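This report refers to the structure that appears directly beneath it.
Just so it is clear, none of the values below were taken in a lab; they were calculated from the coordinates. Note that the structure is a prediction, hence the values are computed from the model and not measured. Backbone-built Cβ (ideal geometry, glycine too); neighbour counts: all protein chains shown.
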Amino acid sequence: MSTCSVSKGCFVFKPSTKKRRLSDKTAHDFRCTSNDSEDTELRFVTCQSLWNQIKSETEQIQENLNKQLLDNLVSFLSRSHSDFQEKTTEWTCRMKFREIPTAALVLGVNVTDHDLTFRGLLDVLQDNITPYVALLEAKDCPGIKNLMQKLMGQLMKCDIDVDSLEDEDCVQVSQSRIRCSMPSLISWYDSVTKKTNSETPSKKRNSSSRHWQSPPVVVIFKDMESFTTKVLQDFIVISSQHIHELPLVLIFGIATSPMIIHRLLPHSVSSLLCIELFQSLSCKEHLSTIIDKLLLTSQFPFKLGEKVLQVLINIFLYHDFSVQNFIKGFQLCIVEHFYSQPLSVLCCHLADIKKRVYSLSHDQCENIRRLPSFRRYVERQESGKQIELLTNDSFLKEETEKLLEDLHVYHENYVRILRCLHVFTSSLPKYPLGKQIRELHCACLENRVWETEEYESSLQLARMLNKTDLVTMLQQCVEILMSSSGKEFDRAVEKLKEFLTQFQNLEAEASQERHVSVSPQKELQKKTDLYHLQKTLLELKESRRSKKLTKFEMLRFEVVDYIDSLVRRYLVPADERTLHEIVYFNGAAVLRGHLNAAPRTALHTALNSPHWYLKNQALRCDGGGISNKAPDICIVYKLHLECGRLINLVDWLEAFSTVVMAAEEPNADAASSDQVDDVIHARFIRAVSELELLGFIKPSKQKTDHVARLTWGGC
Amino acid sequence: MLGSERGVVEEWLSEFKALPESQISSYAATLHRKKPLVPALYKVIQDPNNELLEPVCHQLFELYRSSEVRLKRFTLQFLPELIWVYLRLTASRDRQSNGCIEALLLGIYNLEIADKDGNNKVLSFTIPSLSKPSIYHEPSTIGSMALTEGALSQHDLIRVVYSDLHPQRETFTAQNRFEVLSFLMLCYNSAIVYMPASSYQSLCTMGSRLCVSGFPRQHEKRWKEHCGRVVLDPDFMVQLLTGVYYAIYNGQWELGQEVLEDIIYRAQLELYSQPLLVANAMKNSLPFDAPDASQEGQKVLKVEVTPTVPRISRSAITTASIRRHRWRREGTKVRKEKAQLSVNVKRFVKKLENISDNEAQEILEEKNYVAALGICAQDPVGNGSNISGGEVYSFQTPKRSNKMAELASELAQTPEKNVAPDDSKCPEKMAKTPQSSQHSSSNKVQPRSKKKEFVSTTPYRLRKRLAAPDPYLESESEYSASCSEEEDEDEQKEVSAVLSDRKTPTKTKAASTPPPRNSLAKKKKEQKMGNLVEEYFEAHSSSKVLTSDRTLQKLRKRRLDQQTLHDLLKNAPLAYAAEIRDLNQQHESLFSKWMLQLHLGFNIVLYGLGSKRDLLEKFRTSLLQDSVHLVVNGYFPSITVRSILNSITEEVLDHIGTFRSPLDQLEFITKRFKEDSSLELYVLIHNLDSQMLRGERSQQILAQLSSLPSIYLIASIDHINAPLMWDQAKLSLYNWLWYETTTFNPYVEETSYENSLLVQQSGSLALSSLMHVLHSLTLNARGIFRLLAQHQLEKKDNPSYPGLSFQDFYQQCREAFLVNSDLTLRAQLTEFRDHKLIRTKRGADGVEYLLIPVDDSTLTDFLEKEDEDV
């Protein structure tokens, strides 16, 4: 069946025989392209399991981060209508003023992440506070009636969910028949609460004990800014009339600032609200946590290369602030890595490495030998071992296993020392190595950090730290290093502890020495003549220059030097490690192409220098120009760039035909020129209409047979 | 209706007519003494079929128009009843019997909106302010430092306009109906103190009937007469409440409470917040008991009994005074907003400081960003996105009209560089090429000396020189200024002054070989930013468009129609077929990767130059044969989201039935796909950015569709600004993976539907459809159409021909014995209109003009064909 038709635009294809490719088809796709088929299954499984782990981890993180916010909200909600339960005087007092308890939830500009937060909020509310929660979005509520309809629909549906004994049909019918209005909502609420009240003694005790007798009705406005003000105002005014019959609580999701409430609602309306403000965690902190938990652990065998990480962070910082997108990018990295790197089968947990290494095929061994980092490694070995490595598969496997374990150990150490270094650099003035640990991480991945200027300057700054700071930093480092399981850092810890005790000793010594050191200054204050003063000052200067460093300063140098040595030892960039290709994903260009594409640039390149795509010698043209043998559309485009806001089609056509005729081998036979002309005309028409489709020009009525240019300065 | 009542009314009617001018005031004083008159009039008004209704309405209007206030009030007391009858009849769609009441109401309205001098009224009141002295205080005695007179004077008298300028109304429409009625109620309320009890009663019954009739609550009422629902407006309801409020405390305690309840009921149903607020306030403030109404005349609610005239402020307000007033009010507003703005700015700055404290590093280090984004440059697999922005989006420079020709000639010469050197005859041929193009254009070939050098500005400039004596060309529009040489020179100077580093080929040079100019892009790069800005304004400053005036018609080349175009292109070989094939094969190798990524929850969007239709088709045929999939041709001119959703629900889900809105349909689809996990659907959309689908709502729906886990979307976009369709929310729903697939394939299918600029429009297709439709019609109908067509052809030289007016057309048709009444003609025209054979439009004078929306040549062809047939 063809998909071209002049009468319809949608074509559905249903395979006649229902031979469904089921769940394993993803794996099948995975297998299709990769040249060697043996490990793909395993690779796919590894990839999936890794992704699932990471996904659950991120969800966990998200939950923990939102916990604080949700707890606050829940306590607010329970507070807000506790009076309604007890019918205290305070409640009647408020009832007189008709204030609706309202929570303003400031969530930040990363709107796309809000979904997750709201989903969590819904769950929490339904578990703890009330079954009656409605989530409204601006796009569903163009008018107050739509809003009420949506609201009642959601509330009554959730009622069905709570006690499924209810005859569903009856409710369904009544829902469509009831006119949506506040009184019908109230009568519904009354009937529902009465029912649960009567039921509670008997069977529903345990389930409804979470909620009170008359739980509040929570209405969440997910994107408050995009609601029509009229709708919001009307809803607030109307519902405030009934607040004493219906314990309503509003939650506004706000992306910008709490000011917006007063911007949207006039005072007469906002005075009907009793607003409390809640602030969610900023998305940057969120990202830091994610990076901390996903990248800076040895929990996951998969690692991101420096450029990849940089691309992901940049997309986050400069484009959307969306943590979800960051995680999506991370997922893409994983898939890409396992898809494109045949050796990624070895990118697994330490426990599995041995088994997997020994089941490698000969081809895979060859793949290992082809890795650039492995080649470098081989070159460094002595000749006998070189031959072994290049010819003997089993020897290679042993060696690979060892190297991979080394790599693993390297990671663990790397993370510890990175954190230690971060403790030092994060408190330096001006943050030469960045404030966030992710910046430090990028710097360390990029190249040898100790060779950079920033590192140099930060060391200098560290040499000027005062004692208390230094001591606390050292203590932090000790804690970080102690937490590691391996014995790698036993010596380092000992050394650092030694430094600490030395500092303590210094304190004791310093108190004794103090009075000795003040003498030269004392001398200055004595009365002298000019000559003597000059002399003493010179002496003083002399002595200061050659002054022996104090013990503290000595010790400080020692500490910094020690940290420096640790850095030099452990923070070697990953791409200097052998076999790093197996674990590190470095396809930054691929990633960027997929996530942060530039369609306009691509279009421009194709039109301006077709040679980039069509590898034909005739198209090559130096100096950024364009050959006259280029495809028609390129020539037409190039010609149109020369024009102003309006383009005369006739001129354009003639210019085009001049170019094209020059390019073609002109037939000596002039008689056939008319025929050729027609073809050129047709080609011109095609090219112009293609440009129109691409949005560069549009027909214009300003002058006959003119088109308007739409890019940059067109009308 | 009883005879006696009838007699009373008739007497009243005749009485006033006979009344001399001088006795009107005394007549007004005695009018209220006629006890049976008022009930009789109510009876007349309530019965729409009464033959007395029209004279009564007329008489009431006469009374209202008279200068006597008491006569006015006499009319006004019937206003509630009149409104009720009017609205009831409107709701029942029995408009015919409605006319005189409608006229009366409109008449009163039009009288009331203007004051005596004929100016429009603005009803307003002022709120007193401390700055102006009153009987209670003197501003200067307030005294404290803070309250200086200057400070106080800022709080000027606040005038609150509660009824703005109303325009004169000739007819009731659905839009203005309640505007008029609320204003009438306002007038009634301002005179409510003078109304008799019967009027209050009728006000209350009117209110409750309007609010309740047609709703379930009507069954509780005593009156049973059937009536449909009456649409109400919140403003009108508020006015009604004002009247009812007075009535409640002035004798209509029970009726008033009932109508109050009814209004609340209605307002709750309609979700009108304003009437709800007012009505609830009234209800809550009601005393427990009825006020003591035993003493007639002692009103419980004290109302200042002053004549109505001063209450509605009648001070003559000219437009000038209003303007001043408005201006002042807006001035203060603006000032306030400014203050607020500055506060905001301050706050923002503060925030910025905070941010920069925290994350200065991240935000400001663009260096890294650029570095990271520039990674592609090292990427050997070239996708051409490593160009700096300036190169792509440079401003367009002011171009002289012959620039294109220059470039063309330059390009035409370039083969010297590329073509193999053995091509020795090349220069000669090139010298010929401009001539040949000349040949086709102006057909006046001047015998030119065989010169080797190339005349760069050829076609256009030469033509100008040649065609100068041509009177037709000389009479061309003002835009032909660009053709004159002097101007061109001037302009060139200007340009060269601005862009001094640009080599501008001067006229003298133009005669010789064009100077070897570097490419445009390179030069632009050299220019500094400052120049860029200047260029921008340069490009936008000239309001005149400097292009030549040649048209395709003068070019002696026939327009191609779709079919010949297609044939011609088919014969023309596709350039670089091999390279394009290679390119496509590269893309095809990614197919299985696409499948994988689709299954992992991503959706795929393809961009880049060239039709991606074939690529997607290949993907479909090679990988999707075994699964359910939907192909959408986005470029199809009448594609809608609805049709996409329909094909999913009807053909994929086998659902029979319709949906109220696309959102409902989407909800249904979502539910079905969530319930049945084995359901999977691949959706391929060619040109997601097409005219029909690029709307915000369509994109929202498609995005939501694509976010379903078991719907896999793969789409292509072509337009340069396509990514602007999506905001962050939609992007995250779509979850795109971008793939650059530059194919260089011609957009054959995509542009075939387009009404292309150069293709002869509505050619054979329009003609054949004309013939087809006409053949199925009667002989008379064909004759009618012929008449119209002939008339249109006669007038084809008149560019501002509006069409044939209906009356003239009817006359002609009658003369040709084609129709016998204008009804039959209209019936025929409806038929034509349904088939889009004719178009009607109203001229400035309200006359209907008929036009056949087909171009003249097709019409001529059609008439010829018709003649053959007959």
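Near A:Leu264, once Lys and Arg are set to +1 and Asp and Glu to -1 for all other residues with Cβ below 14 Å from its Cβ, the sum equals -1. For the range A:318-367 versus the range A:226-276, the spacing of their alpha-carbon centroids is 50 Å. Near the amide H of B:Ile158, within less than 5 Å, lie the amide hydrogens of B:Ile127, all on another chain or at least 5 residues away, with H placed in the peptide plane. The chymotrypsin sites (Phe, Trp or Tyr not before Pro) found in the range B:73-127 include none that occupy coil by DSSP while having at most 16 further C-beta atoms within 10 Å. Label-to-label distance, A:Asp575 versus B:Phe288, with points set 7 angstrom from Cα along the beta-carbon direction: 9.0 nm. Quick one: grab the alpha carbon gyration tensor of the range B:711-870, order the square roots of its eigenvalues as a ≥ b ≥ c, and give me rounded if a/c is under 1.5, else prolate or oblate depending on whether a/b is larger than b/c. Prolate. At full extension, A:Lys195 and A:Gln279 could sit 26.6 nm farther apart than now, given 0.36 nm per residue minus the alpha carbon distance. For peptide B:590-596, the mean count of partner chain Cβ atoms within 10 Å of a residue's Cβ comes to 6.
Our estimate of slack between B:Asp664 and B:Leu823, defined as 0.36 nm per intervening residue step minus the Cα-Cα distance, is 52.9 nm. If you plug the beta carbon distance of B:Lys570 and A:Glu63 into 1/(1 + (r/R0)^6) with R0 = 56 Å, you get a FRET efficiency near 0.35. In a fully extended conformation the segment linking B:Lys671 and B:Gln46 would gain 219.5 nm over its present Cα-Cα distance, using 0.36 nm per residue. Taking amide hydrogens as placed 1.01 Å from N in the peptide plane, the amide H of A:Leu273 sits under 5 Å from those of A:Ile100, each at least 5 positions away in sequence or on another chain.
Between the alpha-carbon centres of the range B:639-668 and the range B:820-868 there is a gap of 37 Å.
In a DSSP loop and with at most 15 other Cβ atoms within 10 Å, the trypsin sites (Lys or Arg not before Pro) in the range B:1-64 are B:Arg33, B:Lys34. The simple spin-label model puts a point 7 Å past each Cα toward its Cβ; for A:Val6 and B:Asp654 those points are separated by 3.5 nm.
Annotation for the range B:768-852: chymotrypsin sites (Phe, Trp or Tyr not before Pro) lying in DSSP loop with at most 10 further Cβ atoms inside 10 Å of their Cβ are B:Phe817. Between B:Asp626 and A:Asp352, the FRET efficiency estimated from the beta carbon spacing at R0 = 45 angstrom works out to 0.85. Close amide-amide hydrogen proximity is noted between A:Ile251 and A:Ala103, A:Val219, A:Ile220, A:Phe221, each under 5 Å apart and 5 or more residues distant or on a separate chain (H modeled in the peptide plane; Pro and chain starts excluded). Model label sites at A:Leu390 and B:Glu225, defined 7 Å from Cα along the beta-carbon direction, differ in position by 11.1 nm.
With R₀ set to 35 Å, the beta-carbon distance separating B:Lys618 from B:Lys836 gives a calculated FRET efficiency near 0.35.
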